[in-house]
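Single-structure report; data block below.
The values are calculated or read from the model by the stated rules, or taken from the named source; none is laboratory data. All figures in this text were calculated on a predicted structure; none of them were measured in a lab. Neighbour counts run over all protein chains shown; Cβ positions are idealised from the backbone, glycine included.
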Amino acid sequence: MARGRWERFLLLIEQYSIRPILAIVPDNQDAELVRRAPDPGFWAEMRRLEAAGATIALHGYRHLCRSMGRSLVPLHQHSEFAGVPTDTQREWINAGLEILRGQGLDPRAWVAPRHGFDAHTLAALGSEGIEVLSDGLARGPVKRGGVTWIPQQLWAPVEKSKGLWTICIHTNTARSLLADQLDEFLARHAAQFTSVDRVLAELKPMRLGLGDRLYETMAMARIRASRSRKTSRHRSNC
């Protein structure tokens, strides 16, 4: 991992007593994620953060996104899990959990690489005792496929008047500007940040109604349009 970039966010976690979801690839085989030599202190640091209140999440298995199956959150064409046979998904999830548990961690949630997962993934997670995932564009936790979805709708801090919002940060590629923005945001709103444990204890998962599904569809369209604009700008600047 890009240690220097991670440490900037680690300082914010500790300074503001944030209890984040830490999504870990158990057996990384994705060359794009390799930024430095393996950190010998990584697992001890994850155990320390978990003891301080962080939730450890299984972030796929090897992060090799070679399948083109349709995801329940269709934000990308390729994924690691969507479209893969159920038995294979269960094997990968089991193997990933064993790796994290072998390092003394207690993985309790699922975060899919590239938001790629399907109904078979949900069944496999349930069979392995994982009942929570971080994904979806709802405004609060929902129950779908026997799993509680804690929504993940943001990639930078944004002020919202109501709802439950999760900011996804890829620290390997995050620019220092994002860390600065998050620092300023936390200085104002750190007391409003919660944890997976509090969400599960205080917020009853809802069933998605027609209005919620319409909201999800519109949010998906906005994200796709934003990504299309960014891609167009990038190409024009090349």
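Here are some notes:
- Residue satisfying condition, being under 15 Å from Ile56 (Cα atoms), in contact with a Lys or Arg (Cβ under 8 Å, 6 or more places away or on another chain) and of a type outside the set (Ser, Thr, Tyr), within set Ile130, Ile99, Ile93: Ile130
- Close pairs from region 121-141: first free of Cβ contacts under 8 Å to residues at least 24 places away in the same chain, partner part of a loop (DSSP other than H, G, I, E, B), Cβ under 8 Å, at least 6 apart: Gly126/Gly145; Gly126/Gly146; Glu131/Gly146
- Subset of region 35-61 (residues that are crowded, with 18+ Cβ neighbours inside 10 Å and free of Cβ contacts under 8 Å to residues at least 60 places away in the same chain): Met46, Leu49, Glu50, Ala54, Ile56, His59, Gly60, Tyr61
- Filtering region 90-129 to residues that are part of a loop (DSSP other than H, G, I, E, B) and surrounded by fewer than 20 Cβ atoms within 10 Å (Cβ to Cβ) leaves Gln103, Gly104, Asp106, Arg108, Glu128, Gly129.
- Top-ranked residue in region 1-27 [being in a loop (DSSP other than H, G, I, E, B) and modelled with pLDDT of 95 or more; ranked as surrounded by the fewest Cβ atoms within 10 Å (Cβ to Cβ)]: Ser17
- Residue match in region 185-200 (condition: among the aliphatic types (A, V, I, L, M), within 26 Å of Pro85 (Cβ to Cβ) and in contact with a strand residue (DSSP E or B) (Cβ under 9 Å, 6 or more places away or on another chain)): no
- Within region 103-120, one or more residues are touching a strand residue (DSSP E or B) at 6+ places or on another chain (Cβ under 9 Å), among the basic types (Lys, Arg) and either closer than 22 Å to Gly136 by Cα or at pLDDT 95 or above (or both).
- Restricting attention to region 149-165, the residues being farther than 19 Å from Thr217 by Cβ and surrounded by 18 or more Cβ atoms within 10 Å (Cβ to Cβ) number 2.
- Residues satisfying the stated conditions in region 177-192, i.e. among the small types (Gly, Ala, Ser), loosely packed, with under 15 Cβ neighbours inside 10 Å and under 20 Å from the mean Cα position of the chain (by Cα): Ala190
- Residues satisfying the stated conditions in region 172-183, i.e. touching a residue at least 24 places away in the same chain (Cβ under 8 Å) and not small (Gly, Ala, Ser): Asn172, Thr173, Gln181, Leu182, Asp183
- Boolean, Leu133 is closer than 23 Å to Gly96 by Cβ and touching a Phe, Trp or Tyr at 6+ places or on another chain (Cβ under 8 Å): yes
- Verdict on Ala82 being modelled with pLDDT of 95 or more, surrounded by 14 or more Cβ atoms within 10 Å (Cβ to Cβ) and part of a loop (DSSP other than H, G, I, E, B): yes
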